[in-house]
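Participant: Please read through the structure below; I'll follow up with questions.
The values are calculated or read from the model by the stated rules, or taken from the named source; none is laboratory data. If you're wondering where the values come from, they're calculated on a predicted model, not measured in any experiment. Reconstructed Cβ throughout: ideal geometry from the backbone, glycine too, with neighbour counts over all protein chains shown. Areas reflect the complete protein model, heavy atoms only, side chains present, ligands, DNA and RNA absent. Shrake-Rupley method; radii C 1.70, N 1.55, O 1.52, S 1.80 Å.
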Amino acid sequence: MTLSSLHELSERFRGRDFLDFSTYTGEEIKALLDGAKSLKILRQQGEQHLLLQGKTLGMIFDKASTRTRVSFEVGMFELGGHALFLANDATQLGRGEPIIDTARVLSRYLQAIMIRTFAHQSMEELATYATIPIINGLTDEHHPCQVLADLLTIEEKKGHFDGVTIAYVGDGNNMAHSLLQAAPLVGMNIRVATPSGYEPDATIVAQAKMSAKSSGTEILVTNDPYVAALDADVIYTDVWASMGQEESAQKRINDFSTFQVNDALFEAADDDAIFLHCLPAHRGEEVTESVLEGAHSVVFDQAENRLHVQKAVMVAVIG
Ligand code: CP
Ligand code: NVA
């Protein structure tokens, strides 16, 4: 893909929201990944790619962030545009101004908004009232930008998606949901292992199963981490207590104790399996130091890919 095909990506996606994968096809996801690969190469070659000159992205953060904030801000800078950090407590949102008013006001200044917030519904409300594209930078329910980076990493390391099996071990949270949505769309099998009571949302699982039926892929939701990990090509985990769940963190350490990704569990996977984690990681909880720092871990390549995929999403929806 060249600069002109990146312009074609904009022609195709301009104005679209990127809230979760439910409104995207596998083919569209692959087009965004192709865009990301091109942008990654342009950056590696030191070639300018000022595709969003004069454009401004607003970034609303109701939760903490390292990767999301920095990769969006750097990405927008590299595309020739500007990114505006809007911390909840430094805006009128934090003093109770309704999101429906914020949406209409910000639409008069900006070309797109990235939002990291709690309720998925708040982001959907923002998208309904805004006249500019909204990008999900994480909600309690989904984290699609992260999963786009995960997909790029899997494709780079495995060479393809077809028949690849990903085992997600841990909490049935936003990461599990976005992985469940995306895996069948691109042709991957997915297994999700959680403790009893921490399963992913039943509606999202049902939709993923329908999607898997039409793509001929497999979905398994289990309470046995070894069943999930057996011969898997990718082992994925995430924190046991997500942002906003700090109060139940201690209880979760007990409830998840047999769901740690350690050497024994990793050995159940395929010999060439890779380890993914969206980060931040809690060493000694959901993953051991040995797995996180081990030869099969590609978590920092995965983190880098946030930059490339988000640049592709911004070029696509804003360009
Ligand atoms: N993975 C991820 O979204 O990281 P941050 O919370 O640092 O943005
Ligand atoms: N599930 C985690 C992901 C962090 C990137 C959280 O929501 O806190």
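Participant: Which of the following residues is out of contact with any Ser or Thr (no Cβ under 6 Å at 6 or more places or on another chain) and surrounded by fewer than 16 Cβ atoms within 10 Å (Cβ to Cβ): ILE29, ILE41?
Facilitator: Numbers: ILE29 fails: surrounded by fewer than 16 Cβ atoms within 10 Å (Cβ to Cβ).
Only one candidate passes the filter, namely ILE41.
Participant: Considering only residues that are assigned to a loop (DSSP other than H, G, I, E, B), open to solvent by 70 Å² or more (accessible area, probe 1.4 Å) and more than 16 Å from ILE154 (Cα to Cα), which ones fall in the stretch 274-296? Can you show your working first?
Facilitator: In the first step, residues of the stretch 274-296 are kept if they are assigned to a loop (DSSP other than H, G, I, E, B); the result is 278-282, 284-286, 288, 293-296.
Retained after the next criterion (residues that are open to solvent by 70 Å² or more (accessible area, probe 1.4 Å)): 280, 282, 293, 295-296.
Within the stretch 274-296, PRO280, HIS282, GLU293 meet the criteria.
Participant: Given the conditions (1) within 21 Å of the chain's Cα centre (by Cα); (2) open to solvent by 50 Å² or more (accessible area, probe 1.4 Å), report the number of the one that ARG306 does not fulfil.
Facilitator: ARG306 satisfies all of (1) within 21 Å of the chain's Cα centre (by Cα); (2) open to solvent by 50 Å² or more (accessible area, probe 1.4 Å) except (2).
Participant: Another question, if that's okay. Would you mention how many residues in the stretch 62-90 are under 30 Å from LEU39 (Cβ atoms) and away from ligand 2 (no atom under 16 Å from the Cβ)?
Facilitator: Total satisfying the criteria: 15.
Participant: Filter the stretch 244-273 down to residues that are without any contact (Cβ under 8 Å) to a residue 12 or more places away in the chain, of a type in the set (A, V, I, L, M) and not in a helix (DSSP H, G or I), then give me how many there are. Working first, answer last.
Facilitator: Filtering the stretch 244-273 down to residues without any contact (Cβ under 8 Å) to a residue 12 or more places away in the chain leaves 245-251, 254, 257, 264, 267, 271.
When the remaining residues are screened for being of a type in the set (A, V, I, L, M), the result is 249, 264.
Adding the requirement that they be not in a helix (DSSP H, G or I) leaves none.
Matching residues across the stretch 244-273 total 0.
Participant: Identify the residue in the stretch 230-269 that is among the acidic types (Asp, Glu) and in contact with a strand residue (DSSP E or B) (Cβ under 8 Å, 6 or more places away or on another chain) and, among all such residues, is nearest to ligand 1 (Cβ to nearest atom). Give the derivation first.
Facilitator: Taking the stretch 230-269 and keeping what is among the acidic types (Asp, Glu), we get 231, 233, 238, 246-247, 255, 263, 267.
With in contact with a strand residue (DSSP E or B) (Cβ under 8 Å, 6 or more places away or on another chain) added as a condition, the list becomes 231, 233, 238.
Values: ASP231: 27, ASP233: 21, ASP238: 9 Å.
This residue is ASP238.
Participant: In the stretch 64-89, which residues are open to solvent by 20 Å² or more (accessible area, probe 1.4 Å) and within 11 Å of ligand 1 (Cβ to nearest atom)?
Facilitator: Residues satisfying the conditions are ALA64, SER65, THR66, ARG67, ARG69, VAL70.
Participant: If you go through the stretch 108-126 one residue at a time, do you hit one that is in a loop (DSSP other than H, G, I, E, B), among the aliphatic types (A, V, I, L, M) and under 22 Å from LEU33 (Cβ atoms)? Talk me through it step by step, then tell me what you get.
Facilitator: The initial filter retains those residues of the stretch 108-126 that are in a loop (DSSP other than H, G, I, E, B), namely 108-111, 117-119.
Right, trim to among the aliphatic types (A, V, I, L, M) and you get 110, 119.
Subset that is under 22 Å from LEU33 (Cβ atoms): none.
The answer is no; no qualifying residue exists.
Participant: Another question, if that's okay. Tell me whether the stretch 235-243 contains one or more residues that are surrounded by fewer than 13 Cβ atoms within 10 Å (Cβ to Cβ) and either part of a helix (DSSP H, G or I) or of a type outside the set (Gly, Ala, Ser) (or both).
Facilitator: no
Participant: Yes or no: the stretch 190-197 includes at least one residue that is more than 18 Å from THR139 (Cα to Cα), polar (S, T, N, Q) and open to solvent by less than 30 Å² (accessible area, probe 1.4 Å). Show your work before the answer.
Facilitator: First, the residues of the stretch 190-197 that are more than 18 Å from THR139 (Cα to Cα): 190-197.
Checking the rest, the ones that are also polar (S, T, N, Q) come to 194, 196.
Restricting the remaining residues to those that are open to solvent by less than 30 Å² (accessible area, probe 1.4 Å) gives 194.
Among the residues of the stretch 190-197, at least one is more than 18 Å from THR139 (Cα to Cα), polar (S, T, N, Q) and open to solvent by less than 30 Å² (accessible area, probe 1.4 Å), which makes the answer yes.
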